[in-house]
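Visitor: Before I ask anything, here is the structure I am working with.
The values are calculated or read from the model by the stated rules, or taken from the named source; none is laboratory data. Computed from a predicted model, the values in this text were never measured in an experiment. Cβ: placed from backbone, ideal geometry, glycine included. Neighbour counts: every protein chain shown.
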Amino acid sequence: MAVVASAEAGLYAIRKGATIVQLRAPDLNARELEREANTLVPAASVPVVVSSRCDVAVATGAAGVNLPERDISVADARTLIGQRLVGRSVHSVEAAVTAEREGADYVVFGPVWPSPSHPDEEPQGTSALATVARAVRIPVLAIGGVTLERAEECAGAGAAGYAAITLFR
């Protein structure tokens, strides 16, 4: 999963091999985010999820939404967006289990390694990633400091894949 802030960056990430794109642009207002999603979604050859904004995901025909841990519940998001994808970014086993119980399709766990995009968050390591992957039946994506070299470690820990910002730039 490529985490991008614009349609242009999303299309570039797809060309670099991303198999899903998360449009995460916290500095944009709803109208600006909708404009980016309306550009990206129809042009993308892979699913696009919108970070946190169920309304924008539905309005633009996105594949779904990815919710930060402190966002609305997965169950409430499901009510708003129906059968589209609902993912949850988590930082603990408990949060991953809760997300699965509420109906999440996947969780994004991290940071696994130090991450320049979240410098104040303590990296949790691949053992914590493995614990989360064993605790739930839904796919777990690793995030935080993931490189191509570390992707194999993520898979070895039980992750179904990885999410990254820098890797797809």
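Visitor: How about the stretch 80-120: which of its residues are surrounded by 19 or more Cβ atoms within 10 Å (Cβ to Cβ), farther than 21 Å from Arg24 by Cα and hydrophobic (A, V, I, L, M, F, W, C)?
Guide: Matches in the stretch 80-120: none.
Visitor: Would you confirm whether any residue within the stretch 15-28 is touching a residue at least 60 places away in the same chain (Cβ under 8 Å), basic (Lys, Arg) and within 22 Å of Phe168 (Cα to Cα)?
Guide: yes
Visitor: Only one of these is under 15 Å from the mean Cα position of the chain (by Cα) and among the hydrophobic types (A, V, I, L, M, F, W, C): Ile81, Ile165. Name it.
Guide: Going through Ile81, Ile165 in turn, just one is under 15 Å from the mean Cα position of the chain (by Cα) and among the hydrophobic types (A, V, I, L, M, F, W, C): Ile165.
Visitor: Shifting gears a bit: Please pick out the residue among Pro116, Pro111, Pro123 that is part of a loop (DSSP other than H, G, I, E, B) and modelled with pLDDT under 95.
Guide: From the options Pro116, Pro111, Pro123, the qualifying one is Pro116.
Visitor: Which one of these does Ala77 not meet: (1) of a type outside the set (Lys, Arg); (2) surrounded by 15 or more Cβ atoms within 10 Å (Cβ to Cβ); (3) within 22 Å of Ile165 (Cβ to Cβ)?
Guide: (3)
Visitor: May I ask you to list pairs of residues, at least six apart or on different chains, whose Cβ atoms are under 9 Å apart, with the first in the stretch 152-164 being surrounded by 24 or more Cβ atoms within 10 Å (Cβ to Cβ) and the second being among the charged types (D, E, K, R)?
Guide: Sorted first by the residue in the stretch 152-164, then by its partner, the pairs are Ala159/Glu153; Tyr162/Arg150.
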